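Here's the structure, in structure tokens; my notes come after.
The values are calculated or read from the model by the stated rules, or taken from the named source; none is laboratory data. Only a predicted model underlies this, so the values are computations on that prediction, with no experimental measurement involved. Please note: Cβ atoms are built from the backbone with ideal geometry, for glycine as well, and neighbour counts cover all protein chains shown.
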Amino acid sequence: MKRVFLIVLDSVGIGEMPDAAEYGDAGSNTLLAASKSRYFSMPNMRKLGFFNIDGVRIGEKEENPPGSYARMEELSKGKDTTIGHWEIAGIVSKAPLPVYPQGFPDDLIEEFKRRTKRGVLCNRPYSGTEVIKDYGERHLRTGDLIVYTSADSVFQIAAHENLVPTEALYEYCKIAREMLQGEHGVGRVIARPFTGACGSFVRTSGRHDYSLEPPGITMLDQLKAEGYDVVSIGKIIDIFAGRGITEYQRTSGNAEGIRQTLAYMKREFNGLCFTNLVDYDMLYGHRNDVDGYAKALTEFDMQLPKLLENLGKEDVLMITADHGCDPSTASTDHSREYTPFLMIGEGVPAGINYGTRKGFCDIAATILNCFGLSAQCQGISMI
């Protein structure tokens, strides 16, 4: 029984990439920002080799770390969840997904209104928490849907659960996903249900992402085709539009994601368990909450010993990220950053610095190599 556990710490970047200024992200460093909080503590990740990664400028280096590590440089043109995860799975996106800094075109919005039989509010880039604060009361009064975007390639629909049941909101998202193809093929359509009274609206855990299908073969496709189990925990199944997944567990946040990962460590399966821990990005990065971000990193570090204790003899644990989201900058959007990569297991060389890898896709090739498979996707194995 051979298993790889791949955990994505969503948005935990480790410093600006050379082209960060082109994305408006010069100087961004998510990990460094969080480390300045008094709530930051990651001794277990340090012991694994986290602070030994090239460019990481916090804490003390570990002299003989049991893990191997690398700094990952994104080759794709973008800095969003979809493109980041696709590249981790072996697809490099040469063209960025479309973004809408002025809002979506009138003809597209009119078609959406016609098909949903509802009006539209906002239609411009907005913070998810601010948009329900500013448009929530009008939404309840008119029944119009709150449609907004961000610096990322997303079409987001917010609606109050008392007015638009969550399942109805999901149907509206499916309509939008069907419409948004080709030149308007945004990476994700996202359902953003909220609840509460005017002045105290809060988003619920009913978020649901509807992604484009990956445009090529991923490591997930290849593993599934070879008869391996491919387990999705968190929003992985949504990011890959369900493709290449054999079973899945959606989660309400980091704590449940870690619990589900631990549960699969105690189960018998043969293949990949792919986990996304979203709270860093969704709850703290986008809200510029440095202390919250630091607390979430500290909590993961506290859970790391349990993950390591439950690794089997043939198991490999890998930890990485998909982009940055520096909570200390004026921006509330993702940031173009290097990401970390850590790997540990009895069959993995210890203490090796793989340097800066050109492409998140090297993770895909490394995972496939763990199973004795030659990658049909992009990437070069590190082992």
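Points worth noting:
- Within segment 165-197, the residues that satisfy the criterion of being over 14 Å from I146 (Cβ atoms) and touching an Asp or Glu at 6+ places or on another chain (Cβ under 7 Å) are M179, G187, R188.
- Residue count for segment 198-217, restricted to those that are among the small types (G, A, S) and surrounded by 11 or more Cβ atoms within 10 Å (Cβ to Cβ): 3
- Cβ-Cβ distances below 7 Å connect the following pairs, each with a first residue in segment 358-369 that is at negative phi and among the small types (G, A, S), a second residue that is assigned to a helix (DSSP H, G or I) and surrounded by 24 or more Cβ atoms within 10 Å (Cβ to Cβ), and a separation of six or more residues or different chains: A364/I88; A364/M219.
- Note on segment 197-290: enclosed helices (runs of 4 or more DSSP H) holding 1 or more residues that are at pLDDT 95 or above and over 14 Å from the mean Cα position of the chain (by Cα) are 219-225, 254-265.
- When the helices (runs of 4 or more DSSP H) confined to segment 1-89 are screened for residues that are farther than 26 Å from G216 by Cα and not basic (K, R), those reaching at least 1 such residues are found at 30-35, 43-48.
- For segment 325-340, the criterion of being charged (D, E, K, R) and not in a loop (DSSP other than H, G, I, E, B) is satisfied by at least one residue.
- When restricted to residues that are of a type in the set (S, T, N, Q), in contact with a strand residue (DSSP E or B) (Cβ under 8 Å, 6 or more places away or on another chain) and in a loop (DSSP other than H, G, I, E, B), segment 101-139 contains 1.
- Residue check, S41 in the same structural domain as V290 (by TED's automatic domain parsing), surrounded by fewer than 19 Cβ atoms within 10 Å (Cβ to Cβ) and at negative phi: yes
- Residue in segment 69-79 that is crowded, with 21+ Cβ neighbours inside 10 Å, modelled with pLDDT of 95 or more, under 30 Å from V348 (Cα atoms) and touching a Leu at 6+ places or on another chain (Cβ under 7 Å) present: yes
- Comparison of L262, L277, L272 shows that the only residue that is out of contact with any Gly (no Cβ under 6 Å at 6 or more places or on another chain), crowded, with 21+ Cβ neighbours inside 10 Å, touching a residue at least 40 places away in the same chain (Cβ under 8 Å) and not aromatic (F, W, Y) is L272.
- Any hit, segment 302-320, residues being part of a loop (DSSP other than H, G, I, E, B) and within 25 Å of F240 (Cα to Cα): yes
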